[in-house]
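**Student:** Here's a structure for you.
The values are calculated or read from the model by the stated rules, or taken from the named source; none is laboratory data. Note that the structure is predicted; figures quoted are calculated from it, not measured. In this analysis, Cβ positions are derived from the backbone assuming ideal geometry, glycine residues included, and neighbour counts consider all displayed protein chains. Note: accessible area is taken over every heavy atom of the protein model, side chains too, but ligands, DNA and RNA are not part of it. Shrake-Rupley method; radii C 1.70, N 1.55, O 1.52, S 1.80 Å.
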Amino acid sequence: MTYPSVLVGLTYFVRTFGCQMNLHDSERVSGLLDACGCLEVGSADDADIVVFMTCCVREKADTRLYGNVTGVFGAPMPPSGRRTIAIGGCIAQRDGENLREHLPNVDVVFGTGAIQNLPHLLAESRGDVGDELEVDVSESSSFSTDLPSSRATAFHAWVPIMYGCNNFCSYCIVPYVRGRERSRDFDEVVQEVDHLVADGVREVCLLGQNVNSYGRDRYGDPRFAELLRAVGATGIERIRFTSSHPKDLTDDTIAAMAETPSVMPQLHLAVQSGSTRVLKAMNRHYTREDYLALARRIRAAMPGIALTTDLIVGFPGETETDFDDTMSLVSEADFDAAFTFIYSRRDGTPAARIEDDTPQEVIQDRFDRLARLVEAQSLASNRNDVGGVDQVLVEGPSKRNADVLVGHSEKNQTVLFSPGKDLDSAALVGSILPMTIDEAHPWYLKGTPAGDPR
């Protein structure tokens, strides 16, 4: 690929909102700009090019984007005397040139399938003498995995296995901005992981809007269980994956998880609601009883697995009885952790047309009650690890205290620890360290190194 010379020497900064797929796309954006001869800087204020990779799942994401772009435009200009602002990701795909209505200072808009065209869009924008907006929200038959990448860490990698979604949950905008499911070639995914292992990567996270249906569009039947086994055979030490839809999680996939040592004992399985009536209105294609039976099969196959979930409060028409069903499901499923959200109306989705007169204070009260239950369960789950030894992948200094290191356990719990005088903090980054767990908190653990790193 030939890159525009006009970008050589310019500085850039990428800010990412939203899901893991956006994090992966941001690494491709950075890789492209590096290939163009651009230089990454640590602040938008210092950058000639500022790229925002956006999410439109919740309304708050739009508000954050508008505030961030306005703040960047008001900052002093970089030494070049010109700053170019580009918006990519799902909001860009959804709004296209209409973003100018809210953000008149945006220069470039590129959709989820147009990442490869970003250098040329930026070059065109830098060459414009007027106030032209460069826009590309076209679809692409290629995958962003074909592009250069600049990974955030040497020891972890995002590996997309598919793009798009066919589920059309009634509250979700993703299928409209990411398109229908497109699976990557099976052998190509395995070869990528092979190369990552050779490059020193210790943990991969397989990405897709619904990884459990991987391969259905390409091969006729899902091949995710087979893919897990093949990726495990590459020698990669840790495998995670997201997102996982309950309706497509097969017993074969559960068996593959249990049989593949490098698949970590943690599964994020979004339930969204405990009410069968609400689940039907959400177009989720399973019942409360289906989900609980699935959770029991998972725990039977992998005793000790950490099961986490997503929960939406305030879906249009949710009654107190529906909410009680959610509270009781959370207790019965005994989640180790959960992400809780108040329903966010998204124009263009079927749920946006449902009338609802539930007072906001009622919805907030339900959310607060659910949050307290989830917090209590998370704390109880973490306390089970106190006194034991966990294997922790060390990621680097804590953002709050440079003297404290942070990592994640096999169950994906955040673990904080002090390396002490005998261990070199810098050398520990990227290592797997045995850790005695001393303290449990709802959202993290504290530990003490209990052996040599590897």
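**Student:** Go through the residues of region 265-283 one by one and say whether even a single one is open to solvent by 40 Å² or more (accessible area, probe 1.4 Å), in contact (Cβ under 8 Å) with a residue 60 or more places away in the chain and not in a helix (DSSP H, G or I).
**Tutor:** yes
**Student:** Next question, about the same structure. Just checking, which of 107, 46, 62 is surrounded by 22 or more Cβ atoms within 10 Å (Cβ to Cβ), among the charged types (D, E, K, R) and free of Cβ contacts under 8 Å to residues at least 60 places away in the same chain? Lay out the reasoning, then the answer.
**Tutor:** On the way: 46 fails: surrounded by 22 or more Cβ atoms within 10 Å (Cβ to Cβ); 62 fails: surrounded by 22 or more Cβ atoms within 10 Å (Cβ to Cβ).
Of the residues listed, the single one that is surrounded by 22 or more Cβ atoms within 10 Å (Cβ to Cβ), among the charged types (D, E, K, R) and free of Cβ contacts under 8 Å to residues at least 60 places away in the same chain is 107.
**Student:** I would also like to ask the following. Among the listed residues 336, 290, which satisfies the condition of being surrounded by 15 or more Cβ atoms within 10 Å (Cβ to Cβ), among the acidic types (Asp, Glu) and touching a strand residue (DSSP E or B) at 6+ places or on another chain (Cβ under 9 Å)?
**Tutor:** Exactly one of 336, 290 is surrounded by 15 or more Cβ atoms within 10 Å (Cβ to Cβ), among the acidic types (Asp, Glu) and touching a strand residue (DSSP E or B) at 6+ places or on another chain (Cβ under 9 Å), namely 336.
**Student:** Which number in (1) open to solvent by 50 Å² or more (accessible area, probe 1.4 Å); (2) farther than 16 Å from residue 121 by Cα; (3) in contact (Cβ under 8 Å) with a residue 40 or more places away in the chain; (4) in contact with a helix residue (DSSP H, G or I) (Cβ under 8 Å, 6 or more places away or on another chain) marks the one condition that residue 3 misses?
**Tutor:** (2)
Listed here are the residues, each with its yes/no results for (1) among the hydroxyl-bearing types (Ser, Thr, Tyr); (2) buried (at least 18 other Cβ atoms within 10 Å of the Cβ); (3) under 25 Å from residue 336 (Cβ atoms); (4) touching an Asp or Glu at 6+ places or on another chain (Cβ under 6 Å).
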| residue | (1), (2), (3), (4) |
| --- | --- |
| 385 | no, yes, yes, no |
| 397 | no, no, no, no |
| 416 | no, yes, yes, no |
| 428 | no, yes, no, no |
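**Student:** Look at residue 351 and say whether it is small (Gly, Ala, Ser) and more than 18 Å from residue 267 (Cα to Cα).
**Tutor:** yes
**Student:** Ok, one more. Condition first: open to solvent by less than 30 Å² (accessible area, probe 1.4 Å) and not aliphatic (A, V, I, L, M). Now tell me which residues in region 341-372 satisfy that.
**Tutor:** Across region 341-372, the qualifying residues are 344, 346, 349, 366.
**Student:** Yes or no: region 373-381 includes at least one residue that is among the hydrophobic types (A, V, I, L, M, F, W, C), in a strand (DSSP E or B) and open to solvent by less than 30 Å² (accessible area, probe 1.4 Å).
**Tutor:** So far as region 373-381 goes, no, none of its residues is among the hydrophobic types (A, V, I, L, M, F, W, C), in a strand (DSSP E or B) and open to solvent by less than 30 Å² (accessible area, probe 1.4 Å).
**Student:** A further question on this structure: What number goes with the only condition from (1) crowded, with 18+ Cβ neighbours inside 10 Å; (2) more than 30 Å from residue 331 (Cβ to Cβ) that residue 448 does not pass?
**Tutor:** The failed condition is (1).
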